[in-house]
1. Say the dipole of the chain comes from +1 at the beta carbon of Lys and Arg and -1 at that of Asp and Glu; which of Val149, Leu253, Phe209 then lies farthest toward its positive end?
2. Please get the size of the charge dipole for the chain, origin at its Cα centre, with Cβ charges of +1 on Lys and Arg and -1 on Asp and Glu, quoted in debye to the nearest 20.
3. Put +1 on the Cβ of every Lys and Arg and -1 on every Asp and Glu Cβ in the chain; which of His297, Ala36, Gly283 then has its Cα farthest towards the positive end of the dipole?
4. Give me the distance between the Cα centres of the stretch 339-377 and the stretch 262-292, rounded to whole Å.
5. Skip the ligands, DNA and RNA, and give the accessible area per residue of the chain with a 1.4 Å probe, whole Å².
6. Just how large is the dipole of the stretch 53-163 about the Cα centre, in debye to the nearest 20, putting +1 at every Lys and Arg Cβ and -1 at every Asp and Glu Cβ?
7. For helix 360-385, what angle does its Cα long axis make with the longest principal axis of the chain, in degrees from 0 to 90 and rounded to 10?
8. Given the DSSP H assignment, sum -39500 (n - 2.57) over each helix run of at least 4 residues in the chain and divide by its residue total; what's the result at 222 nm in deg cm²/dmol, nearest 500?
Amino acid sequence: MTAKKTVFLLALCQALAMTGSIVLFTTAALIGSTLAPDKALATLPLAILQLATMLTTIPAAFILKRWGRQFGFMTGVLVGLSGAVLGVYAIFAGSFVLFSLSTLLYGIFGGFVSYYRFAAADVAPEADRSRAISLVISGGILAAFIGPVLATWTKDWLPVTFAGGLVAIALLQSLTLLLLRFVALPPLVQPEHQEPGRELSTIVQQPVFIVAVLGSMIGYGVMALLMTATPLAMVAEHHPFHVAASVIQWHVLGMFTPSLVTGFLIARFGVLTIVLAGIVLNGLCVAINLTGTQASHFFGALLLLGIGWNFMFIGSTTLLTQAYTLTERAKTQATHDFLMLSFVAFATFLSGRLMNDGGWAVVNYTGLALIAVALIAVLSLWRWRSTQQPQKLERL
């Protein structure tokens, strides 16, 4: 199987995974608000999902290495399928605890999905890695069209509202299992007689690693903070559910459509320039959110938030590849995703708490403070690099 075909199939797997995630993220806070004993806990199931994804990243890395990426990816899908089935039962039973457990299982699946992009980077030639990462992530474009429509269509599919969405997620998981049977990935075998890698403590002290992690943490965290609260904010402003679903659709299009060109932009303008552009777009998103709560404000802000996430996430992932050598790859990638998803889980839970206690404006001001930290970090690395000789690393 050629590298291009492998990347294409991984992009389809990403599309199916993201379609299910969009359905869940569009409805989960509203489901949580209905089932939770305290409205401030409405986003707790999504926070548990992010926490489970974070806790899975390191075990997933070693499962993929020990038993092969195809086996590992299929195992993750099976766990996600069981979570979707449990979610249907939880909604019918009116159990907030079981619904939270279902999102935990789906979050474990997410821990494996996060390695699709690294698998694509590993099979692509070094010069094409940023493009391979972009193409896999661009699988979310298909999800952007299908996910919100599926969430709206399945909302009243079954007698209990939103249960149909979990059935749809289960069907998507089953399709992914079938697709993964045709994905052939080379084993993660280390070459013989290779020098041992550096200690993790040394790797994480590199300025390039620190900025890559901060870029991913804040880019993903601010996106989760604002996106998770958006359906709650729109319902509070009496916007109908189908409008909220459309806002999420435009947001997801903003997240993934630029992936078609982000790799080329990075090659043309440099990785730090693209990360910086993402930071600026996130700042504009917050500015729009703070000017009003009409549907047009939500549409415009969430579109910019999606594009900003894309630039920050793909840029930071590409930047990370400059921080490790061949033998350091697995532990560096796992540490990056562990830190990033830890923060995303915290931001997701914080979103519901801030929305309940302080309102939509407080959520956005919190996001603005985080964006400022990312801006300082990128500018600091830019200045540091201008005074240092580039260090050549052997990368796969």
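1. Phe209
2. On the way: 20 positive and 13 negative charges, 125 e Å.
Roughly 600 debye, rounded to the nearest 20.
3. Gly283
4. 17 Å
5. Numbers: 15820 Å² over 396 residues.
Using a 1.4 Å probe on heavy atoms only, each residue of the chain averages 40 Å².
6. Details: 7 positive and 4 negative charges, 38 e Å.
Around 180 debye, computed over the stretch 53-163.
7. Helix 360-385 sits roughly 10 degrees off the main axis of the chain.
8. Working: 16 runs with 311 residues, N = 396.
For the chain, the value works out to -27000 deg cm²/dmol.
The values are calculated or read from the model by the stated rules, or taken from the named source; none is laboratory data. Keep in mind it's a predicted model, so treat the numbers as computed, not measured. Quick reminder, even Gly has a Cβ in these numbers, built from the backbone with ideal geometry, and neighbours come from all protein chains shown. We work out accessible area using only protein heavy atoms, side chains counted, and drop any ligands, DNA or RNA first. Shrake-Rupley method; radii C 1.70, N 1.55, O 1.52, S 1.80 Å.
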